[in-house]
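The values are calculated or read from the model by the stated rules, or taken from the named source; none is laboratory data. No experiment lies behind these values; they were computed from the predicted model shown. All Cβ positions, even for glycine, are placed from backbone atoms using ideal geometry, and neighbour counts span all protein chains on display.
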Amino acid sequence: MLEHMIRSGNRLLRCGITTGTCAALAASGAVRLLLTGEAPETLALVTPKGLRVELPALDCRLEDGRTFCAVKKDAGDDPDVTDGLLVVVHAEKAERGVLIEGGEGVGVVTKPGLDQPVGAAAINSVPRRMIRAAAEEVCADAGYGGGLVLTVSIPEGERVAQRTFNPQLGIEGGLSVLGTSGIVEPMSERAIVETIAVEIRQAAALGARRLILAPGNYGLDYVRERLPELDGLKCVKCSNFIGDAVDAAVLEGVEEVLLVGHIGKLVKLAGGITNTHSRNADCRMELFTAHAALCAAGTELCRELMGQISADACIAVLDTADLRQPVMESLLAAIQRTLEKRSGGALEIGALVFSNEYGLLGMTQEAEAMLTRWREA
């Protein structure tokens, strides 16, 4: 078990270990049994983050000339769907080198743009290095100079993978063996951001130069139902991480980005907020009020806006004063400035804003021009 803690708000949360760390530990156990005939009781290594991990070796056995060893995934306090799964490695001798393959429950890459090439097992680069290093250390201790074939399996992987992003990313048949630090940080935003970046990278690798970003299912539904002519364009759900998604699009050479989202999320961009989670900022009513004041709203109307509890309620208040259009135009101009500042002029970008109750609320001039070009293409 790993006893490393991190602070999240006013709580201390226990870190877990990645599937890559599990595979490296299991590999060391399987190779030790293969070369020495001794089944280890515990397995230990130092992760790329520099933290030492020690876990029990499970189900170590010799069968038909090859050995097996398993490690149980411990995600700590992170709500990881892989928590408690067994990661198994079987080892057998070869002439030279260390060959790492994927077995049952480990996905296969079917689309470009991921860490591994098409056709390879979805075992990422850092876990591969960890597995190889763990195996080579045992070989050195045992005085073995030959090669190895190491096959990583996750017996429940294919079932659990349906609850991950793998099917969307083109990883079929199971889970990915992941990890860059070897450690899972609870409630980590980094993993979500990386998943978004991978999807954008994959779209770019497939030739996409135009991209639609949507913070959530509302945006995806809006594109599907109201913009069917854009059906062939790649649409990426970016959650609250709008700024990070724009960064990824710039990095991957995407040329045009259309952000489609609900007013309750996108209004925050008017205040320069590019991570729209409510724990970071919730200034929706303040922004409506400020822009209404810029549009000559009186004190009483501003106070009424500040007293609302939702963006839709603010729209209703603006409608009573016949101020929806000028306030939305002011907000959209501010949203556009935030998007352009974040992208640094490296791509064309615009935003379309809607409400489930009121439908289309408006779009930036840049978004309107973009949509016209896309429809004519």
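Looking only at region 155-167, decide whether some residue is surrounded by 21 or more Cβ atoms within 10 Å (Cβ to Cβ), touching a residue at least 60 places away in the same chain (Cβ under 8 Å) and either aliphatic (A, V, I, L, M) or not in a helix (DSSP H, G or I) (or both).
No, region 155-167 contains no residue that is surrounded by 21 or more Cβ atoms within 10 Å (Cβ to Cβ), touching a residue at least 60 places away in the same chain (Cβ under 8 Å) and either aliphatic (A, V, I, L, M) or not in a helix (DSSP H, G or I) (or both).
Given the criterion in contact with a Leu (Cβ under 9 Å, 6 or more places away or on another chain) and free of Cβ contacts under 8 Å to residues at least 40 places away in the same chain, identify the matching residue among L305, L258.
The unique qualifying residue is L305.
Could we say that V223 is assigned by TED's automatic domain parsing to the domain that holds G344 and surrounded by fewer than 22 Cβ atoms within 10 Å (Cβ to Cβ) here? Explain how you work it out, then say what you get.
Working: assigned by TED's automatic domain parsing to the domain that holds G344: yes; surrounded by fewer than 22 Cβ atoms within 10 Å (Cβ to Cβ): yes.
In short, yes.
For V109, indicate whether it is under 32 Å from the mean Cα position of the chain (by Cα) and either modelled with pLDDT of 95 or more or among the charged types (D, E, K, R) (or both).
no
Just to be sure before I move on: is E104 modelled with pLDDT of 90 or more, over 25 Å from the mean Cα position of the chain (by Cα) and of a type in the set (D, E, K, R) in the structure I sent?
Judged against the criteria, E104 is not a match.
Only residues that are small (G, A, S) and either in a strand (DSSP E or B) or under 30 Å from R14 (Cβ atoms) (or both): list them for region 184-217, please.
S188, A191, A197, A214, G216
Residues to consider are L206, L114; find the one that is under 23 Å from V257 (Cβ atoms), surrounded by fewer than 14 Cβ atoms within 10 Å (Cβ to Cβ) and in contact (Cβ under 8 Å) with a residue 60 or more places away in the chain.
Matching residue, one of L206, L114: L206.
Please go through region 350-377 and pick out each residue that is closer than 13 Å to G261 by Cβ and touching a residue at least 60 places away in the same chain (Cβ under 8 Å).
Just the residues of region 350-377 that are closer than 13 Å to G261 by Cβ, to begin with: 350-356, 360-364, 367.
Once the filter is applied, which keeps residues that are closer than 13 Å to G261 by Cβ and touching a residue at least 60 places away in the same chain (Cβ under 8 Å), region 350-377 yields G350, A351, L352, V353, F354, S355, N356, L360, L361, A367.
Looking only at region 291-300, count how many residues are crowded, with 19+ Cβ neighbours inside 10 Å and among the aliphatic types (A, V, I, L, M).
2
Quick one: how many residues across region 125-149 are under 31 Å from the mean Cα position of the chain (by Cα) and either modelled with pLDDT under 95 or buried (at least 19 other Cβ atoms within 10 Å of the Cβ) (or both)?
Result for region 125-149: 8.
If we keep just the residues of region 263-288 that are part of a helix (DSSP H, G or I) and of a type in the set (G, A, S), which is surrounded by the fewest Cβ atoms within 10 Å (Cβ to Cβ)? Spell out how you get there, then give the answer.
Initial filter on region 263-288 (part of a helix (DSSP H, G or I)): 263-271, 284-288.
Going one step further and asking which of them are of a type in the set (G, A, S), we end up with 264, 270-271.
Working: G264: 21, A270: 24, G271: 17.
Filtering region 263-288 for residues that are part of a helix (DSSP H, G or I) and of a type in the set (G, A, S), the one surrounded by the fewest Cβ atoms within 10 Å (Cβ to Cβ) comes out as G271.
Among L294, L332, L347, L287, which is over 25 Å from A245 (Cβ atoms) and modelled with pLDDT of 95 or more?
Among L294, L332, L347, L287, only L294 is over 25 Å from A245 (Cβ atoms) and modelled with pLDDT of 95 or more.
I'd like the full set of residues that are assigned to a helix (DSSP H, G or I) and loosely packed, with under 14 Cβ neighbours inside 10 Å, limited to region 317-332.
If the condition is that a residue be assigned to a helix (DSSP H, G or I) and loosely packed, with under 14 Cβ neighbours inside 10 Å, then D319, T320, Q325 are the ones that fit.
Consider A197 carefully, then state whether it is surrounded by fewer than 19 Cβ atoms within 10 Å (Cβ to Cβ) and at pLDDT 90 or above.
It is false that A197 is surrounded by fewer than 19 Cβ atoms within 10 Å (Cβ to Cβ) and at pLDDT 90 or above.
Yes or no: region 52-66 includes at least one residue that is assigned to a loop (DSSP other than H, G, I, E, B) and either under 32 Å from the mean Cα position of the chain (by Cα) or at pLDDT 95 or above (or both).
Yes - at least one qualifying residue is present in region 52-66.
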